[in-house]
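A short worksheet on the structure shown next.
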There are 2 protein chains.
Amino acid sequence: MQQNVVIIGAVALGPKAACRLKRLDPDSEVIMIDQADRISYGGCGIPYFVSGDVSDPGQLQSTSFHMIRDAKFFRDVKDIQVLTNTRAVSIDRSKKVVFVQDVRDGKKQTLPYDRLVLATGSRPKRLAIPGVSLEGVFTVSDLNEAVAIKREIAGGKVEKAVVIGAGAIGLEMAEALADLWGIDTSVVEVADQILPGIISPNMARMGQHHLKENDISIYLGEHVLRLEGESRVERVVTDKRTLDADLVIMAVGVTPNSKLAKDAGIEISANGAIVVNERMETSDPHIYAGGDCVEVTHLVTGKSVYFPSGSLANRQGRVIGTNLAGGNARFEGAVGTFIIKLFEISLANAGISLKRALDEGFDAVSVFVVQFDRAHFYPEKDLMYLELVVEKGTGRVLGIQGLGSVNDSMFARVSAVAAMLKYRPTTSDISNLELLYSPPFSAAMDILNALGNTAENILAGQNRVIDADQFSHWWTERDRGDTVFLDCRGWGNAEYFVNKYPDHWKSIPQDELRARMAEVPKDRKLVLLCNTGVRSYEAQVILDQSGIRDTYNLQGGVAALKKWGLDL
Amino acid sequence: MQQNVVIIGAVALGPKAACRLKRLDPDSEVIMIDQADRISYGGCGIPYFVSGDVSDPGQLQSTSFHMIRDAKFFRDVKDIQVLTNTRAVSIDRSKKVVFVQDVRDGKKQTLPYDRLVLATGSRPKRLAIPGVSLEGVFTVSDLNEAVAIKREIAGGKVEKAVVIGAGAIGLEMAEALADLWGIDTSVVEVADQILPGIISPNMARMGQHHLKENDISIYLGEHVLRLEGESRVERVVTDKRTLDADLVIMAVGVTPNSKLAKDAGIEISANGAIVVNERMETSDPHIYAGGDCVEVTHLVTGKSVYFPSGSLANRQGRVIGTNLAGGNARFEGAVGTFIIKLFEISLANAGISLKRALDEGFDAVSVFVVQFDRAHFYPEKDLMYLELVVEKGTGRVLGIQGLGSVNDSMFARVSAVAAMLKYRPTTSDISNLELLYSPPFSAAMDILNALGNTAENILAGQNRVIDADQFSHWWTERDRGDTVFLDCRGWGNAEYFVNKYPDHWKSIPQDELRARMAEVPKDRKLVLLCNTGVRSYEAQVILDQSGIRDTYNLQGGVAALKKWGLDL
């Protein structure tokens, strides 16, 4: 099919769509334009370039076989024409032309198209506060800005840095600054948790504690009022404190670049993203869009959602390439997966968090399990922390969140659930999920299975639980005297606490509970705890049999308290 | 519900069913019997006990909180009565009693039941050849036998060992003997590949090469005729050679223990396993069965299949426990997952292999992709090898096999597909599978997505491929002169081969192919190759445009040849 295709944007989706099209339909004429000079790079690699893990920006722009994806590469290898430093000014849909302009010399051109692809991406939000234009204040918008940040750091100018925003990019940048460059780094976040809107308060609290252990200061619930300094930034002033800063990274989210589309009369969502169907067509069937400038369907809620992600962009790009070549590929939507490495841990999500589920009107509950990632007798193993969000009544699984080591064990569990989510699994599907089993990789009853089982028990009312947050409230109020903390572990584990808190902490190992039932306080609320929540659940079952039912099992046990940084 | 439940077998499924029942229905009277003295252990840990990774057999018998699961534990902690050293002799279903006998003193008892659970497991097959009763010949039937094997090794008696059978247990035992004890180990297998019936010949060949690199001798397609020696085994005689051996491990598969059920008139399958429904009920609704003595439904083929596995046993045990307590839990079936660690690699499966698919009547093809497990610019990464089995026409995904490092990256990919298999995914579901993306964990276009994409291209006839096996045939016949091996990598990679094989090996880097089209031989078949198969696919597309279509893209490229141990 001889056709002219113009693609606006050449970072992730644009090149993917172009290359796919040319493989399927070599006769198409493809012109790809981008306002920057560097194109086709892995933007998600920027924090690793800043940290030094990736030494050269060219590596982010290379193929896996070390070929730089520049305009020459696309021309010689892919037969695709690329105009860099070229901005799309406007689209005339009736004439099917794009007006473009060279950003260096202002020269204008008109590019006719049969089909047009909008891969305009997103741009970082900037706070509307004084001082944002001072030197030393950066966003993480593109590879050139990353190069500038690294130049500042490598020049030895930066001793103290403040990151505004505790989302993914903010935290990755904080780690990059602190870990490899030893910069005294603070993160200021307006929400009351890190990674707001992405992971649960429970997981966020554990992640926050880990960042603190790695000398990153986190200030939650603080508004940045202004940035101060002469020509260069020197201070960040919040509503609660003033932080010295030689460098400020503003990472407060991104906005879809949809003005070009909007000006051309293409449908835009209430949130400002381009609206597309499953074929990635905009409201104009001759114009496709994808990547960070569009909304997609959330496969759990069924609603439109904005998920800027280099991974989705790549897959949508392939769908567009196929459809440009006359095919009928579909992008159904996304389940909202997320993972981040933070020093020695990883945090992840698939689907929706409990808060989001409640906001969406689901009658939901979350279930938290801590277990080893491998057979408990296998020598190398780590505890893993998973939280499943389930709908009461139906038992439908709405999401999963996890904290694990930086190996791929937690990644594996959350990915497996991510793969199922669009099929609307229930707790029973998780209970019976057939992970690959062998002691060096998993447990016979894997943590995912345990998570499904626990969810079933909680939904059935057989396991009455509290989380670390509730625990800490009751612990703070322990002098009221209405609660006993019953340690179901062996005496060796309980001894320290019983001696320290004789009025509140009591030890009856779970295996002795039937024999020592007479010792159980019957006039007070009992918080049952063990290392991970398994023995305390067993204890709860035994107490139920004796008619002692005002009991609460601490999900995740002492392991969760430790990960929270609760110092008892 | 006051009821008597008798459970025959106390290794994996039995204890799980018993404990689940008692948690849901504490009033049930549960008696669990086992003919052995050691109960409730992780049998899959035996190779790690033999290797020394697990130092004490008690660790395999412990809870994750270091409590030994013996008869006393079950009585005190779980309120379950256990009779060890007690064999079930027969069942009278009309009277609802089990006749049992103490294996030490021959004392008999009659145990009445309201519900009965058969958790009789499996036993290792023994070859019917001379010499199997010699000293030093073992199966891997239970923990006591493992203790005996380790005693022999630790006693310094074993310099040479022969493992008969290259299935999972055979190979794990071979690694245990060779790796940590330095024993000169050979494996003899009657089939023409390792892990027959489990993974593809392609993956098996790569695994075999890795075993060879680790000094394990593998003899395929050999029948063991007899074992020789005075009182103790000294030699293994096959139809092709004689191997000296101080120790022989016979690991030629297992047989379900179903005689007790069969004698009682319970339905048994043609393969000798107990037949159960989704509730894990046998043909007698008062009798449940599960674990290594039953068949389950294969969720890909829909047929009955025998999958002995400690992991399935645990999950089936929970289903039985729930149903014993009056619930209605279901075990739908299994997708046949498998993973094994072999020195520095892991091999895995979910679903069915190509051979199995063809045997089952599917018009199937397999697709092989090699790619890094993380973003290619991330410093720590490894190549991963995945093979997807798909049905032509429908694009239905029937199975996946993988080879990767011993980290969890390959485990994660195969687990994700395993989680989807029961929903009958197609290649498009794999292309769009939303793995969690961040450079330290995955690639923006992850290997799984690439696998789905490649499968689509191959099914659509856009990518015409050969595998390493076909390559090695054509390479062997290269002096016929009808084939040119066209190296699409840079000259630096190709130079060595061009100089060594000037008549057969030609170099045109893929990025120069359009410009150097005149150099492409047009009278001979072209085998296109690069490092992993990506650039050679691009080259094939470009050649197609020039009307050169007698071309074959080597799937997995030179990386696959290396993994095969093909020495060019």
**Prompt:** Under a point-charge model restricted to the Cβ atoms of Lys and Arg (+1) and Asp and Glu (-1), what is the dipole moment magnitude of the protein assembly as shown relative to its Cα centre, in debye to the nearest 20?
**Reply:** 1720 debye
**Complete:** Percent of all Cα-Cα pairs per 20 Å bin for chain A, counting from 0 up to the last occupied bin, reads 19, 46, 28, 7, 0
**Message:** Give the average, rounded to an integer, of partner chain Cβ atoms located within 10 angstrom of each Cβ in B:249-256.
**Reply:** 0
**Asked** For chain B, with the dipole built from +1 on Lys and Arg beta-carbon atoms and -1 on Asp and Glu ones, taken about the Cα centre, which of B:Val236, B:Gly490, B:Ser122 lies farthest toward the positive end?
**Response** B:Ser122
**Quotient of Cα Rg and 2.2 N^0.38 Å for the protein assembly as shown, N being how many residues it contains** = 0.99
**Message:** Going through the cross-link list A:Lys381/B:Lys157; A:Lys96/A:Lys262; B:Lys341/B:Lys563, which pairs have a Cα-Cα distance over 21 Å in this structure?
**Reply:** A:Lys381/B:Lys157
**Relative frequency of Cα-Cα separations exceeding 25 Å in the range A:137-252, percent** = 17 percent
**Prompt:** Sorted by average packing, counted as other Cβ atoms within 10 angstrom per residue and highest first, what order do B:517-526, B:392-401, B:207-216 take?
**Reply:** B:392-401, B:207-216, B:517-526
**Request:** From the C-alpha gyration tensor of the range B:457-509, pull out the three semi-axes of the equivalent ellipsoid (sqrt of 5λ each), sorted largest to smallest, in whole Å.
**Result:** 22, 16, 9
**Peptides ranked, highest mean first, by Cβ atoms within 10 Å: ranges B:344-357, B:162-175** = B:162-175, B:344-357
**Message:** What does the copy distance list look like for B:Glu360, label position 7 Å along Cα→Cβ, in nm and ordered from shortest?
**Reply:** 3.2
**Request:** Quick one: with label points 7 Å out along Cα→Cβ, list the inter-copy distances for A:Glu519 in nm, shortest first?
**Result:** 8.4
**Message:** Only counting other Cβ atoms within 10 Å, I'd like B:Asp511, A:Asp34, A:Asp550 sorted with the fewest neighbours first.
**Reply:** A:Asp550, B:Asp511, A:Asp34
**Asked** What residue among A:Ser472, A:Val520, A:Ser409 has its Cα farthest toward the positive end of the dipole of chain A, where the charges are +1 on Lys, Arg and -1 on Asp, Glu, each on the Cβ?
**Response** A:Ser409
**Prompt:** Add -39500 (n - 2.57) for each DSSP H run of 4 or more in chain A, then divide by its residues: what number comes out at 222 nm, to the nearest 500 deg cm²/dmol?
**Reply:** -8000 deg cm²/dmol
**Asked** So what does the Cα-only Debye profile of the range B:338-459 read at q = 0.16, 0.22 Å⁻¹, as log10 I(q)/I(0), no solvent term?
**Response** -0.69, -1.25
**Request:** With 5 Å bins from zero, work out the P(r) of the range B:465-564 over every alpha carbon pair and list the percent per bin.
**Result:** 3, 15, 26, 29, 20, 7, 1
**Complete:** For B:Thr394, inter-copy label-point distances (7 Å, Cα→Cβ), nm, shortest first, read 2.7
**Message:** Under a Cβ-only charge scheme (Lys and Arg +1, Asp and Glu -1), can you give me the dipole magnitude of the range B:137-252 about the Cα centre, in debye to the nearest 20?
**Reply:** 80 debye
**Request:** Select from B:Val294, B:Cys44, B:Gly207 the residue farthest towards the positive end of the dipole of the protein assembly as shown; place +1 on Cβ of Lys and Arg, -1 on Cβ of Asp and Glu, and compute about the Cα centre.
**Result:** B:Val294
**Distance from the range A:305-332 to the range A:22-70 (C-alpha centre basis), Å** = 18 Å
**Request:** Report, as an integer, the average count of C-beta atoms from other chains found within 10 Å of each Cβ along A:63-75.
**Result:** 3
**Prompt:** In peptide B:421-434, what is the residue-averaged number of other protein chain Cβ atoms found within 10 Å of each Cβ?
**Reply:** 5
**Residues A:Leu513, A:Leu459 arranged by fewest to most Cβ contacts within 10 Å** = A:Leu459, A:Leu513
**Request:** For the pairs A:Lys125/A:Lys259; B:Lys506/B:Lys562; A:Lys16/A:Lys107; B:Lys355/B:Lys392; A:Lys95/A:Lys125, note any where the Cα-Cα span goes beyond 22 Å.
**Result:** A:Lys16/A:Lys107; A:Lys95/A:Lys125
**Item:** Assigned charges on the beta-carbon of Lys, Arg, Asp, Glu; the range A:465-564 dipole about Cα centre (debye)
**Value:** 120 debye
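Quick note: the coordinates plus some simple rules give every number you see, no bench work behind them. Only a predicted model underlies this, so the values are computations on that prediction, with no experimental measurement involved. A quick note on method: Cβ atoms are made from the backbone with ideal geometry, for glycine too, and the neighbour counts reach across all protein chains shown.
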